[in-house]
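S.K.: Here it is: the structure, laid out below.
The values are calculated or read from the model by the stated rules, or taken from the named source; none is laboratory data. Keep in mind the model is a prediction, meaning the values are calculated, not measured. Note: ideal-geometry Cβ built from the backbone for every residue, glycine included; neighbour counts use all protein chains shown. Just so you know, the surface numbers come from the protein's heavy atoms only, side chains and all, with ligands and any DNA or RNA stripped out. Shrake-Rupley method; radii C 1.70, N 1.55, O 1.52, S 1.80 Å.
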Amino acid sequence: MSRLARRTLLAAPLGLAVRALGGPPETPTGSFRLPLRSRVEAFRGSGAWQEVRFERDFPVRRTAAILCDMWDKHWCRGANDRVGGLVKRMAPFVEELRSRGVQIIHAPSETMDFYKDMPQRQRLMSIAKVTPAQNRTDLTEPKLPIDDSDGGCDTDDKQYKAWSREHAGIRIAPEDGISDNGGEVYSFLRERGLENLLVMGVHANMCILNRTFAIRQMTRWGVPCVLVRDMTDAMYDPKDPPRVAHDQGTELVIEHIEKYWCPSALSGEVVQALRRVKSS
């Protein structure tokens, strides 16, 4: 299957994706068995990477999901339009996660003033600070496979701070948390006994990797992450190297994350796995 065809499948409506997927048998009480995709370089230094699939059990009550920078508006019109489409698929997915017992954390960076008086924000601000037991600064990676040095906008817009809050299409429930601070998020995870982090949002080559609450830093702090790969996008202009279609550029970044940071899963796979969990 071509990369473009795979991305088309990823963009399918959530309900259709869930119906189309097969899956393993029912998992132990309170856990969901998630099919994961990763990449291995079987012969180190060869540059030949092999896609691999495996499964892992995740205790529902020890799993959180974080929504990275799903802002109400983006300075790049192309990115803004794609986020609008992403919200339509992400909103029901988040509702499903929450209903199944997964802790939801909203992380719209640089908008915390908007939420300062909300209990969901106060919940994380009041957490006693927990110092990570480790910080694996030795974990490194080569440069990204796409050129985003000019900001990655595919609609030739100038940068400015366009966002003021998370997109209103995503509901913030009373039991959720809000933070754009990695230390707060880490401390919240540890206080609640949350060991695993599902990561979704934008953009895969920027905030998904770089924010203090996102994949690179959480991985270095010892928090196992899973990228929900059909719930992300890249800031990439096809005019820039490697000069491929936008969706192919996003897929290249996802593959990079799978090689050097964490595995990925489809939202439909997550939902199907959660629906097989035995009642506690």
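S.K.: I'd like the full set of residues that are of a type in the set (Val, Ile, Thr) and within 20 Å of the chain's Cα centre (by Cα), limited to the range 259-280.
M.R.: Narrowing the range 259-280 to residues of a type in the set (Val, Ile, Thr): 270-271, 277.
Passing the criteria: VAL270, VAL271.
S.K.: Between residues in the range 87-100 that are touching a residue at least 60 places away in the same chain (Cβ under 8 Å) and residues that are open to solvent by 60 Å² or more (accessible area, probe 1.4 Å), which pairs lie under 8 Å by C-beta distance while being six or more apart or on different chains?
M.R.: Going by the 8 Å Cβ cut-off, the qualifying pairs are ARG89/PRO13; ALA91/ARG171; VAL94/ARG171; GLU95/ARG171; ARG98/GLU175; ARG100/ARG275.
S.K.: Something else: Of everything in the range 176-194, what is touching a strand residue (DSSP E or B) at 6+ places or on another chain (Cβ under 8 Å) and over 21 Å from MET231 (Cα atoms)? Give them in sequence order. So that I can check it myself, show each step before the final result.
M.R.: Going through the range 176-194, the residues touching a strand residue (DSSP E or B) at 6+ places or on another chain (Cβ under 8 Å) turn out to be 176-180, 185, 188-189, 192, 194.
Passing the criteria: PHE188, LEU189, ARG192, LEU194.
S.K.: In the range 159-195, which residue that is of a type in the set (Ser, Thr, Tyr) and closer than 16 Å to ILE66 by Cβ is surrounded by the most Cβ atoms within 10 Å (Cβ to Cβ)? It would help to see each step written out before you state the result.
M.R.: Within the range 159-195, the first condition is being of a type in the set (Ser, Thr, Tyr), and the residues that meet it are 160, 164, 179, 186-187.
Applying the additional criterion that residues be closer than 16 Å to ILE66 by Cβ yields 179, 186-187.
Values: SER179: 27, TYR186: 25, SER187: 19.
My answer is SER179.
S.K.: State which residue is farthest from the chain's Cα centre (by Cα) when the search covers only the range 47-102 and only residues that are in a loop (DSSP other than H, G, I, E, B) and buried (at least 19 other Cβ atoms within 10 Å of the Cβ).
M.R.: Narrowing the range 47-102 to residues in a loop (DSSP other than H, G, I, E, B): 47-49, 69-70, 72-76, 100-102.
Now restrict to residues that are buried (at least 19 other Cβ atoms within 10 Å of the Cβ): 69-70, 72, 74, 76, 102.
Values: ASP69: 10, MET70: 11, ASP72: 17, HIS74: 18, CYS76: 20, VAL102: 14 Å.
That would be CYS76.
S.K.: Consider VAL253 carefully, then state whether it is β-branched (Val, Ile, Thr), over 22 Å from GLY183 (Cβ atoms) and modelled with pLDDT of 95 or more.
M.R.: Working: β-branched (Val, Ile, Thr): yes; over 22 Å from GLY183 (Cβ atoms): yes; modelled with pLDDT of 95 or more: yes.
Yes.
S.K.: Looking at LEU124, LEU139, which is the one that is open to solvent by less than 70 Å² (accessible area, probe 1.4 Å), closer than 23 Å to ARG220 by Cβ, outside any loop (DSSP other than H, G, I, E, B) and not small (Gly, Ala, Ser)? Explain how you work it out, then say what you get.
M.R.: On the way: LEU139 fails: outside any loop (DSSP other than H, G, I, E, B).
Result: LEU124 is the single residue among LEU124, LEU139 that is open to solvent by less than 70 Å² (accessible area, probe 1.4 Å), closer than 23 Å to ARG220 by Cβ, outside any loop (DSSP other than H, G, I, E, B) and not small (Gly, Ala, Ser).
S.K.: Okay, moving on. Can you run down the residue pairs with Cβ atoms below 7 Å, 6 or more apart or on separate chains, where the first is in the range 268-280 and at negative phi and open to solvent by less than 30 Å² (accessible area, probe 1.4 Å) and the partner is modelled with pLDDT under 95 and in a loop (DSSP other than H, G, I, E, B)?
M.R.: GLY268/LEU21; GLU269/LEU21; ALA273/GLY23
S.K.: Follow-up question, since we're still on this one. Restricting attention to the range 103-117, which residues are open to solvent by less than 10 Å² (accessible area, probe 1.4 Å) and not in a helix (DSSP H, G or I)? Write out each step before concluding.
M.R.: Pass one, the range 103-117, residues open to solvent by less than 10 Å² (accessible area, probe 1.4 Å): 104-109, 111, 115.
Within the range 103-117, ILE104, ILE105, HIS106, ALA107, PRO108, SER109, THR111 meet the criteria.
S.K.: On to the next question. Could you tell me whether ILE208 is closer than 22 Å to GLY268 by Cα, open to solvent by less than 40 Å² (accessible area, probe 1.4 Å) and without any contact (Cβ under 8 Å) to a residue 60 or more places away in the chain?
M.R.: Details: closer than 22 Å to GLY268 by Cα: yes; open to solvent by less than 40 Å² (accessible area, probe 1.4 Å): yes; without any contact (Cβ under 8 Å) to a residue 60 or more places away in the chain: no.
No: the conditions fail for ILE208.
For (1) free of Cβ contacts under 8 Å to residues at least 24 places away in the same chain; (2) surrounded by fewer than 19 Cβ atoms within 10 Å (Cβ to Cβ), each residue gets a yes or a no:
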| position | (1), (2) |
| --- | --- |
| TRP221 | no, no |
| PRO224 | no, yes |
| LYS239 | no, yes |
| ARG243 | yes, yes |
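S.K.: Can you pull out every residue in the range 250-267 that is closer than 12 Å to CYS225 by Cβ and either of a type in the set (A, V, I, L, M) or open to solvent by less than 20 Å² (accessible area, probe 1.4 Å) (or both)?
M.R.: Result: ILE257, GLU258, CYS262, SER264, ALA265.
S.K.: Looking at GLU184, is it acidic (Asp, Glu) and either at pLDDT below 95 or in contact with a helix residue (DSSP H, G or I) (Cβ under 8 Å, 6 or more places away or on another chain) (or both)? So that I can check it myself, show each step before the final result.
M.R.: Details: acidic (Asp, Glu): yes; either at pLDDT below 95 or in contact with a helix residue (DSSP H, G or I) (Cβ under 8 Å, 6 or more places away or on another chain) (or both): yes.
Yes.
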